[in-house]
1. Quick one: plug the Kirkwood hydrodynamic radius of the stretch 267-338 (C-alpha pairs) into Stokes-Einstein at 20 °C, 1.002 mPa s, and report D in µm²/s.
2. Answer with one residue from ALA117, VAL89, THR130: the one whose Cα lies farthest towards the positive end of the charge dipole of the stretch 36-137, charges on Cβ with Lys, Arg +1 and Asp, Glu -1.
3. Can you pull the one-decimal nm distance between simple spin-label points at ALA117 and VAL245, each 7 Å off the Cα toward Cβ?
4. Output ³J(HN,Hα) for the stretch 41-50: one whole-Hz value per residue in order, computed from phi by the Karplus curve 6.51 cos²θ - 1.76 cosθ + 1.60 with θ = phi - 60°, and x for Gly and Pro.
5. Exceeding 28 Å between C-alpha atoms, which entries from my cross-link table qualify? They are LYS53/LYS80; LYS191/LYS305; LYS40/LYS242; LYS29/LYS210.
6. For THR301 paired with GLN73, estimate the spin-label separation in nm (one decimal), with each label point 7 Å from Cα along the Cα-to-Cβ line.
7. Which value, in debye to the nearest 20, gives the size of the charge dipole of the stretch 36-137 about its Cα centre, when Lys and Arg are +1 and Asp and Glu are -1 at the Cβ?
8. Evaluated at 25 °C with a viscosity of 0.890 mPa s, what Stokes-Einstein diffusion coefficient in µm²/s does the stretch 229-384 have when Rh comes from the Kirkwood expression over alpha-carbon pairs?
Amino acid sequence: MQKKLTTLCLALLTMSGGEAMAQPLAKGKTEFAEGVVRVKLQREVASLVEAAKLPTDGKLKAGARYVKTGVKQLDVTASKLGAVSMKRVFPYAGKDEEKHKAFGLDLWYDITYNNEAMTPAQARNLYRSTLGVQYAQRIPVYSIPDDQNYLPVSPSTIARAQRAASTMPFNDPLLPDQWHYYNDGHIYGTKAGADINLFPAWESGVTGSKDVIVAIIDGGFQIDHPDLKDNLWINEAELNGKPGVDDDGDGFVDDIYGYNFVINSANINAHTHGTHVAGTVGATNNNGIGVGGVAGGSDGTGGVKMMVCQVFDSRASSSAVADFGAALVYAADRGASIAQCSWGMGMAGDEDVAVSEAVRYFTANGGGEKMNGGLCIFAAGNNGEEGDFYPGCLDEAVAVGALLPTEAWLIIPTVAHGWT
């Protein structure tokens, strides 16, 4: 089972079958968000904070100079920092709230402050010395290549991608260019066997089940793309419900295809990287257009269902920071059994503990009623350094590297425990 799931997201390459777009990680450096710190409270303190009924948007109450919880030790630290907001990392989850509490997800808070003399590291250290705080950390800022030039697929591009492919398992016209699936060496400069050996899996009937939900935790993808639209995960309760209403009682409004965790909205913004990843995972096979997807089915009607969990959005404010852990938890609560994550920390040893706990939650709770738990797949990293690079080095995760068509490493992969 694990080998099949690993294969699903092994080759993160462009939808056109061209050069690889593996996630670059800054060599020896992790960027951290300014003016915000993340804390995990002790249970009894978290109960007091919850009872204080802070504004749901985490903002200050009218006339207040800093966030007051009624918990003396927290309020003293908040005063020193000039804390202007305090909100849960993992939002109230409605029908899933008790599961979240069992994993301690409700104990995590992000605290925004306006004391410009206080660095994120100093703020972290201040909270680490505050009674009632289990853990405090800075918040890493993950990034991928800018996608300001993203354009939806055009009718002319679709027309060019409708030539029949007669020697391939499926009739997707650009499938012969996807050497990373099955490389027989016919493309100049490639080496036969430098691939994921996908065709034998397809021939054995492993083409992608419609019962499997894959969360694309990346940039948003083009939900009306002709090669992707048949494989969209759809929240039927929200699709058939009332606009502006949380019809399924899960704490999210109008999340028909997923959620944008950058702008905290159900509005999905198409993104180059997210669209290419979605195409590799689940472009519809045998539909006579475009490329093939690893798990895109076999009869032209689709394969796995892909859920949009947008954590990169270049159209958002430059100060907006996505909640990556919240995206993982959201996906698990909605039945995703695989989380595709082409990102990771930039420096060995740096760990976003809230994300690590979200990975463990996904592992235990993903898959819904039809699957037994979930699996998170992360980029191993491309900076060539040895060390523990999170989250890919977690025991619960699978870390994946990338090869060139010559069978050489794209870039020497980062060493992560158990990387594949």
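1. Result for D is 156 µm²/s.
2. Towards the positive end, the residue furthest out is ALA117.
3. Reported label-point gap for ALA117 and VAL245 is 5.3 nm.
4. Whole-Hz 3J(HN,Hα) from phi for the stretch 41-50: 8, 6, 4, 5, 6, 4, 5, 5, 5, 4.
5. From the list (LYS53/LYS80; LYS191/LYS305; LYS40/LYS242; LYS29/LYS210), the Cα-Cα distance tops 28 Å for LYS191/LYS305; LYS40/LYS242; LYS29/LYS210.
6. Between THR301 and GLN73, the label points sit 6.0 nm apart.
7. In total the dipole reaches around 140 debye.
8. In µm²/s, the coefficient is 147.
Each value in this text was obtained by applying a stated rule to the coordinates, not by laboratory testing. Here the structure is a predicted model, which is why all the values come from computation and not from measurement. Every residue, glycine among them, receives a Cβ derived from its backbone with ideal geometry; neighbour counts consider all protein chains shown.
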